[in-house]
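Participant: Quick one: structure below, then a few questions.
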Amino acid sequence: MPWYSGDYPPSYKNQPKEIREKAVEIANALLQDGAEEGVAIATGLKQARELLTSHKEKNSRTNHIKKN
């Protein structure tokens, strides 16, 4: 079952909005590729966390370089 804005798996409920939105995007893509719902939910959340963490780290390094 694909998810849309404001509609997401219960396990995403307590996640920050940016992680939840990215996780839904990833999970929906996995569902379209034929993944099982449970796998799509778990993978979407894991990948969203990794992507956003690496994005924040990259921005932090970039900001540090600009300040020096």
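Participant: Read through the list (1) modelled with pLDDT under 95; (2) in a helix (DSSP H, G or I), then give the number of the only condition that Trp3 fails.
Facilitator: All conditions are met except number (2).
Participant: Now for a separate question. Taking the stated definitions as given, is Glu21 open to solvent by 90 Å² or more (accessible area, probe 1.4 Å) and at pLDDT 95 or above?
Facilitator: Spelling it out, it is not the case that Glu21 is open to solvent by 90 Å² or more (accessible area, probe 1.4 Å) and at pLDDT 95 or above.
The values are calculated or read from the model by the stated rules, or taken from the named source; none is laboratory data. Just so it is clear, the structure is predicted and the values come from calculations on it, not from any experiment. When the accessible area is computed, the model is the full protein with side chains, heavy atoms only, and any ligands, DNA or RNA have been set aside. Shrake-Rupley method; radii C 1.70, N 1.55, O 1.52, S 1.80 Å.
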